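I have placed the structure first, in the form of structure tokens, so that the comments after it can refer back to it.
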Amino acid sequence: MKSKIIMTSMVGLAFAMPAFAAPSNSSNTFPSNGQMQEDTKYIGQATQANLHSYEGPVTATANYTDTPYTVTAGNYLPMSSETVAQCTSGNYCPGINGTVNYSTSANQGLTACPNGYPNSLAGATSDTECYTACTVANAGIANASAVSGNDYYGTGTDTCYPTECVAGWHLNPGAPDLTTIIGESASTGYGYQNNSATAPDGENQNTYGITQNNEFVVDYGNKGKIHGYARCSTRSATDPWVGPDEYELQSDNITSTLPDSTGQYCYCQLDGYTPNGQSMQSVSAPWVFEVDLGSLSLDCASNCARNCASDLRSNFTFRTAVFNAVAAAGAPSCDANVISITWDGADAADVAANDAGQCTYGGDINTPKKAVHVPGKTFVGWTFDTPSGN
């Protein structure tokens, strides 16, 4: 019985022995530098020359070299990390010349933004991308009482703009970036009213509240509407149409003023933008030449508003030229109030003669050329009334 038990145990031991796999790689030579690679069988190389021993035991020491990491601008190598990462907000990362090694004690290539300018967007590459919120003190905007935007460190480009102005000054909202806001969005409709010699004609006047000759509106759906006017003039300009549907702005195609409102040359000007569901914002923009409509000014008057609206609706190259003209009109600012003046005891002609009908806050006051003579009275001067309650 014992022999049977022993044999059974031996069979059990045989099945318990682990299976050994051969390395995936093999070599008939030993490395000249002695550095054996992972998962390799060195065939017939267990010699004293390689083991440095006839009997053993022996120890095989693992050898390592530093891994070089390349850190480009906008990135850094975090502490205790083997992966380069994007620069974090509140810091800037100019990049590192050459390579760096793994570190357990420092973030490499990451620099905190300067004192007073604690903010930056992820991926910042320079300290000029660090910023703080604009204040009235650091914005340096004349006559502003409240501001918004960011003040950037050093030579960074500030984005400060006024949101409120001191008394006597009003906020000019500046020019919206219509190229970005509207871009190539398709128009959902338009309206216009030409200055026809027979009677005003057009399309969709009631839909868009158009009441004046040469007025137009182009609707871009949820991107908003633009409002403007057309004008025919004798001021000629270089033909900007370089192809059937390709408008290329020429140096004389933009003007701030037109000498008249008759002629064969059709111009378009935007004066308002209405965000979807909001009130119209006034914009200031120059006149942009659209087309020469022939030798008869009558042809221009009958077609100019339609042409402006149609091309702003469907021709992207013309639309871009007009929108860029709006953007060039400037950033928000605090502009002096223009105050109208009613002169008691002065004829309208004498007020107009000296341009005395209004003044700009903080500027000059022109008085009328003369006061009306009142029999038995000697004029001694005008005084401004004090509003009640002041």
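The values are calculated or read from the model by the stated rules, or taken from the named source; none is laboratory data. Remember, it's a predicted structure, so these values are computed and weren't measured experimentally. Reconstructed Cβ throughout: ideal geometry from the backbone, glycine too, with neighbour counts over all protein chains shown. These accessible areas exclude ligands, DNA and RNA; they are computed on the full protein's heavy atoms, side chains included. Shrake-Rupley method; radii C 1.70, N 1.55, O 1.52, S 1.80 Å.
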Amide hydrogen neighbours beyond the local backbone of Ala122, cut-off 5 Å, H modeled: Ser89
Pair-distance profile P(r), taking every C-alpha pair of region 307-353, with 5 angstrom steps and integer %: 5, 15, 13, 10, 8, 8, 10, 12, 11, 7, 2, 0
Dimensions (Å) - region 310-390, Cα atoms, principal axes, largest first: 70, 31, 21
For region 137-255, what are the per-bin percents of Cα-Cα distances with bins 10 Å wide, up to the bin holding the maximum? 11, 21, 30, 24, 12, 2, 0
Using the alpha-carbon atoms, what tilt in degrees (0 to 90, nearest 10) does helix 2-16 show relative to the longest principal axis of the chain? 30 degrees
Rolling a 1.4 angstrom probe over the protein chains, ignoring ligands and nucleic acids, what is the accessible area of Leu51 in square angstrom, nearest 10? 80 Å²
Any chance you could get the radius of gyration and Dmax over the Cα atoms of region 78-194, in Å? 21.4, 75
Applying the Karplus parametrisation 6.51 cos²θ - 1.76 cosθ + 1.60 with θ = phi - 60° to the phi angles of region 378-383, what ³J(HN,Hα) value in whole Hz is obtained for each residue in order, glycine and proline being reported as x? 10, 5, 10, x, 9, 10
Students often forget the sequence filter, so: which aspartates and glutamates lie under 12 Å Cα-Cα from Lys369 once same-chain residues fewer than 8 apart are removed? Asp347, Asp350, Asp355
What relative contact order, as a whole-number percentage, does region 88-203 give when Cα pairs under 8 Å and 6 or more residues apart are counted? 16 percent
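Within the chain, what's the longest stretch lacking chymotrypsin sites (Phe, Trp or Tyr not before Pro) that sit in DSSP loops with no more than 10 other Cβ atoms inside 10 Å?
Numbers: sites that count: Phe20, Tyr54, Tyr64, Phe384.
It runs 65-383.
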Equivalent ellipsoid semi-axes for the chain, as square roots of 5 times the alpha carbon gyration tensor eigenvalues: give them largest first, rounded to whole Å. 81, 32, 21
Karplus 3J(HN,Hα) series, Hz, for region 254-265 with 6.51 cos²θ - 1.76 cosθ + 1.60 (x for Gly, Pro): 10, 8, 7, 9, 10, x, 7, 10, 9, x, 9, 9
Using alpha-carbon coordinates alone, the radius of gyration and Dmax of region 190-242 in Å work out to 13.3, 37
Could you state the orientation-averaged shadow area of the convex hull built on the Cα atoms of region 161-320, in nm² to one decimal? 10.8 nm²
Heavy atoms only, 1.4 Å probe, whole protein assembly: order Arg313, Arg235, Arg319 by accessible area, highest first. Arg313, Arg235, Arg319
